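Notes follow the structure.
Just so it is clear, none of the values below were taken in a lab; they were calculated from the coordinates. Worth saying up front: this structure is predicted, and the values here are computed from it rather than measured. Neighbour counts run over all protein chains shown; Cβ positions are idealised from the backbone, glycine included.
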Amino acid sequence: MSRLLNIGFGNSVNTAKITAVVSPEAAPVKRMVQAAKEEGRIIDATLGRRTKAVLVMEEGHIVLSALQPETIAKRFSSGNDFEGKEEEDE
């Protein structure tokens, strides 16, 4: 059975489809995000805020989140996907 993971602002993703959660600061990640934008594989869940985490999904889709990768990882491992206060944009 699949679980949904809250990635901020009422947006959720299927935990079974997540391949990686990474920081957007590294050059290879920036290139990957740019290529996904050009190919129409990007899903922007930041609501106009700064991207702090990039979720790499199966099938090659990329999801952008305004939450820290550590926050997403904690929610993923705790099983309390919808609990806790969302972090403020810094």
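Assuming 0.36 nm per residue, please report the length gained on full extension of the stretch Ala16 to Lys30 beyond their Cα-Cα distance.
So the chain would gain 2.6 nm between Ala16 and Lys30.
Averaged over residues, the count of other Cβ atoms within 10 Å places the peptides 13-22, 54-63 in the sequence 54-63, 13-22, highest first. Rounded to the nearest 20, the size of the Cβ-charge dipole of the chain about its Cα centre is 140 debye, with Lys and Arg at +1 and Asp and Glu at -1. In terms of its alpha-carbon gyration tensor, segment 32-76 comes out oblate; a/c meets the 1.5 threshold, while b/c is at least as large as a/b. For the chain, the relative contact order works out to 31 percent when only alpha carbon pairs closer than 8 Å and six or more residues apart are counted. Projected label points at Glu38 and Arg50, each 7 Å from Cα along the beta carbon direction, are separated by 2.7 nanometres. Just going by the charge dipole of the chain, with Lys and Arg at +1 and Asp and Glu at -1 on Cβ, which of Ala26, Asn14, Gly60 is farthest out on the positive end? About the Cα centre, the residue reaching furthest to the positive side is Gly60. Simple point charges give the picture: +1 on the Cβ of Lys and Arg, -1 on the Cβ of Asp and Glu, and for segment 34-79 a dipole about the Cα centre of about 320 debye. Where only DSSP H runs of four or more residues are counted, the chain gives -8000 deg cm²/dmol as its mean residue ellipticity at 222 nm, each run worth -39500 (n - 2.57).
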